[in-house]
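For reference, the structure discussed in these notes is given below.
The values are calculated or read from the model by the stated rules, or taken from the named source; none is laboratory data. Just so it is clear, the model here is predicted, and its values are computed rather than measured. Ideal geometry is used to build each Cβ from the backbone, glycine not excepted, and the neighbour counts take in all protein chains shown. Surface accessibility is based on the protein's heavy atoms, side chains included, excluding ligands, DNA and RNA. Shrake-Rupley method; radii C 1.70, N 1.55, O 1.52, S 1.80 Å.
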Amino acid sequence: MAEHITIGPELIGIRRRLHADPELGFHEERTSRFIAEQLRGRGIAVLDNPLPSKTGVIGLIEGGQPGPFIALRADIDALPVAERSGMDYSSRNEGVMHACGHDLHMTSLLAAAFWLAGHRERIAGRIMLLFQPAEETGEGALAVLQAGVVDGIDAIIGAHNNPDYLPGQIAVGTEPMMAGCVKFAVRIHAQGTHAGYPHMGTGPIEALASMILSVQSIVSRNATPFHPLVVSITQVHGGDVWNVVPAEAGFLGTARYFYKADGQMVEQRFRQIVASTAEAYGITAGIEWDDFADPLVSDAALAAAVAQDVPQYASLAPIHPSMAGEDFCEYAQRTRLLFAFIGSNGAPGHYGLHSPHFIGLDGELQAAAEFYVNAALRVLKECTDDR
């Protein structure tokens, strides 16, 4: 039978306090101190922090019986966004906001930790409570890995609020959930000249335009329509004045994919297009290609087992894949992953993640906390059975 958690005024107050005092990645000092105080106040051990930033918190709950070692992860950083939600507990820090709902994540993991600490007899194994910094920059999970924090754990469980789902809905399963992410930049080098004498140079603007238009054909002419795939140009630059053909230009953008072979195909075609266009225009071009996040896919066996339990405490919803990235995928380098979307709004006309108007509802907390608890107990059992 599923375990249930009551989200009372104390936890609502914790959520609102965290929301009002957001901090950016690797600068979450006050947030980390507050979380550590909450854990210690419930008799939960707080381990030494080996991360260079010294932000983030690592808690540990020893179960009443021996067993596997798993981790529950919540991200804790905010975004450089000026809040315009109108909530009475809006950010007090101008230009910084929990526009991705990480205050909900922290609070739900704290709620789960409080319950687990009070029911150690139900736990066969050990549970790490990983409050991870710097998810928004894509650097936090790698820092945790490099510090050896999750070495030796059997599985790690994470979740993200999703305003496209109603509170009480949970999406977990075996399909890809969040996209692999590439950041690319192209730097074009040419011979600048006076705008009245274009034949005296090899201006980069025409080449830049051709590259951008050709890159947009990668998806439409190379990818199956049954695989979600995006290539977006997000920044273009070149030139400073109206009467000079510049010597330098460039553009930046991103690719998002759910299948590794698609990501590899995009890179191959992108490099071919840039190189051949540069040759045709008699210029040179350099490419920076940072494939910094893989698609996020849960371990199939763990996801199937946990999904079977969800209807006992929440509404199991289908996975609607997100083209956003999530550095939780990095933990697949060390262990098995389990991830879920937890409904946080769902109202008509709601604002999405990263919007200055984003509102994550308090009603998200119960399903999220119960997911952490019930998934933890199920994953401990599954890992024990696999030994």
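Are any of the residues in region 58-77 free of Cβ contacts under 8 Å to residues at least 40 places away in the same chain and of a type in the set (Phe, Trp, Tyr)? So far as region 58-77 goes, no, none of its residues is free of Cβ contacts under 8 Å to residues at least 40 places away in the same chain and of a type in the set (Phe, Trp, Tyr). Scanning for something touching a residue at least 24 places away in the same chain (Cβ under 8 Å), open to solvent by 20 Å² or more (accessible area, probe 1.4 Å), part of a helix (DSSP H, G or I) and of a type outside the set (Val, Ile, Thr), does region 245-258 turn up at least one residue? Looking for residues that are touching a residue at least 24 places away in the same chain (Cβ under 8 Å), open to solvent by 20 Å² or more (accessible area, probe 1.4 Å), part of a helix (DSSP H, G or I) and of a type outside the set (Val, Ile, Thr), one finds none in region 245-258, hence no. Contact map, region 43-54: residues that are closer than 15 Å to Leu145 by Cα paired with residues that are of a type in the set (Ser, Thr, Tyr) and in a loop (DSSP other than H, G, I, E, B), Cβ distance under 9 Å, separation 6+ or inter-chain. Pairs shown: Asn49/Thr55.
When region 207-218 is limited to residues that are open to solvent by less than 80 Å² (accessible area, probe 1.4 Å) and free of Cβ contacts under 8 Å to residues at least 24 places away in the same chain, the one that is nearest to Ser322 (Cα to Cα) turns out to be Ser217.
Just checking, does region 288-304 include any residue being at positive phi and exposed (fewer than 14 other Cβ atoms within 10 Å of the Cβ)? No, region 288-304 contains no residue that is at positive phi and exposed (fewer than 14 other Cβ atoms within 10 Å of the Cβ). Restricting attention to region 326-346, the residues that are among the small types (Gly, Ala, Ser), open to solvent by less than 30 Å² (accessible area, probe 1.4 Å) and within 17 Å of Gly180 (Cα to Cα) total 1.
Being assigned to a strand (DSSP E or B) and among the charged types (D, E, K, R) is the filter here; which residues of region 132-185 pass it? Matches in region 132-185: Lys183 only. Candidates are the residues of region 46-90 that are assigned to a strand (DSSP E or B), within 21 Å of the chain's Cα centre (by Cα) and charged (D, E, K, R); the one that is surrounded by the most Cβ atoms within 10 Å (Cβ to Cβ) is Asp75.
In region 157-206, what residues are in contact with a Lys or Arg (Cβ under 7 Å, 6 or more places away or on another chain) and open to solvent by 50 Å² or more (accessible area, probe 1.4 Å)? Passing the criteria: none in range.
The one condition from (1) under 30 Å from Tyr351 (Cβ atoms); (2) open to solvent by 20 Å² or more (accessible area, probe 1.4 Å); (3) in a loop (DSSP other than H, G, I, E, B) that Arg30 does not meet is (3).
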